[in-house]
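Enquirer: Sharing a structure, written as structure tokens. Questions coming.
The values are calculated or read from the model by the stated rules, or taken from the named source; none is laboratory data. This is a predicted model, so every value here is computed, not measured. Don't worry about glycine lacking a Cβ; one is built from the backbone with ideal geometry, like all the others, and counts go over all protein chains shown. Quick note on the areas: whole protein, heavy atoms, side chains included, nothing else; ligands and nucleic acids left out. Shrake-Rupley method; radii C 1.70, N 1.55, O 1.52, S 1.80 Å.
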Amino acid sequence: MDALLLVGLTISALVLPWLIPRWRLRRALARPLPASAVAVLERQIPPYRHMGPDLQAQLRRLVAQFLHQKKFIGCEGLVVDDAMAITIAGQACLLLLNRPSKVYPALHTILVYPTAFVARRDEVGPGGVVTPGHQSMLGESWDDGRVVLSWDDVQRGAADWTDGHNVVLHEFAHQLDSESGRANGAPYLGHHAKYRDWSAVLARDFHALRWQAMYRQHSVMDHYGATSPAEFFAVATETFFEKPWQMAEHHSELYGEFCKYYRVDPRAWQAPPPAPAPGPDAAHLAWHARW
């Protein structure tokens, strides 16, 4: 009898830590997001208002899971309230729609600063000499389960969904990128055969962006994406969700790869940008064409 009791206690000790979190998650997801939370999504996540009912329901469920599983910590005196957490969760979960993935399984903590924060960045010089340095940052993504964000810049990203700059999309793209082992611009694609086209298209457009950055030429994507393949993936993600029409026009194959990876087409959530006004030469030719 004692042996059976010992076996039962051992099994319970092994199984309960696995069952209890699952039960708590199911209970959290069984409760719909309150109306106040949905109002935040409608106000702070512009694409939400243009989604169909199915995608809206998906996003609400993903946000509920994100809020249940992740811890928000305010830094430098900032108090992270529910609206702030929902704003961050809503933007982060846009990257997970229609994808059978877990909700950032390696992530456990989001640190939020009031404004841009200063991070230590040591520089290694000739001969391996390390020089301490500091850099002002809008956000960071760590492979130890942390994301760091500037709340001012989170708000800027929510306020303008057409400029191609969004710190939440950027840092959480790094989180997805890291799920394949390390952040290198090649996130987990599900099958090794998919990496051939992905690598060819991203490598070509990455090198094109480096060339544009070197010669300070205009690009749909921010030149910061030329820093490394990992930054290119994060910047391209920002562009994909915020400037989809321009990206589809100037980087059609890259846009196609991102449509396959993210399993959405953000053009459905945003009207196409207005056509540029014709220049003087075009107007002059049009006038002559009438006669």
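Enquirer: Pull up the cross-link candidates among the lysines for K260, meaning alpha carbon to alpha carbon under 25 Å and not fewer than 8 places away within one chain.
Expert: Excluding near neighbours in sequence, the set is K102, K194, K243.
Enquirer: A further question follows. Okay, which of the stretch 139-153 sit inside 13 Å, backbone N to the point 7 Å along the Cα-Cβ direction of E76?
Expert: 139, 149-153
Enquirer: With θ taken as phi - 60° and the coefficients 6.51, -1.76 and 1.60, list the Karplus ³J(HN,Hα) couplings across the stretch 158-170 in order, rounded to whole Hz; mark glycine and proline as x.
Expert: With coefficients 6.51, -1.76 and 1.60, one gets 6, 6, 10, 9, 10, 9, x, 10, 8, 5, 5, 4, 4 Hz.
Enquirer: Based on the mean of other Cβ atoms within 10 Å per residue, sort peptides 109-119, 60-70 so the most packed one is first.
Expert: Sorting 109-119, 60-70 by mean packing, highest first, produces 60-70, 109-119.
Enquirer: Only loop residues by DSSP count here, and only those with at most 14 other Cβ atoms within 10 Å; note down the trypsin sites (Lys or Arg not before Pro) in the stretch 140-199 that meet that. Please report the intermediate quantities before stating the final value.
Expert: On the way: sites: R146, R156, R182, K194, R196; in loops: R182.
Sites meeting the loop and neighbour criteria: R182.
Enquirer: Using the heavy atoms of the protein chains and a 1.4 angstrom probe, tell me the accessible area per residue for the stretch 160-272 in square angstrom.
Expert: Per residue, the stretch 160-272 has 47 Å² of solvent-accessible surface.
Enquirer: State, to one decimal in nm, how far the label point of H223 lies from the label point of W245, with both points 7 Å from Cα in the Cβ direction.
Expert: Once both label points are built, they end up 2.7 nm from each other.
Enquirer: Another question, then. Could you give the accessible area per residue of the stretch 30-86, probe 1.4 Å, as a whole number in Å²?
Expert: I get 55 Å² per residue for this part.
Enquirer: Could you give me the ³J(HN,Hα) list for the stretch 193-203, computed from phi with Karplus coefficients 6.51, -1.76, 1.60 and θ = phi - 60°, whole Hz, x at Gly and Pro?
Expert: So the Karplus estimates, Gly and Pro as x, are 5, 6, 6, 4, 5, 4, 5, 5, 5, 5, 5 Hz.
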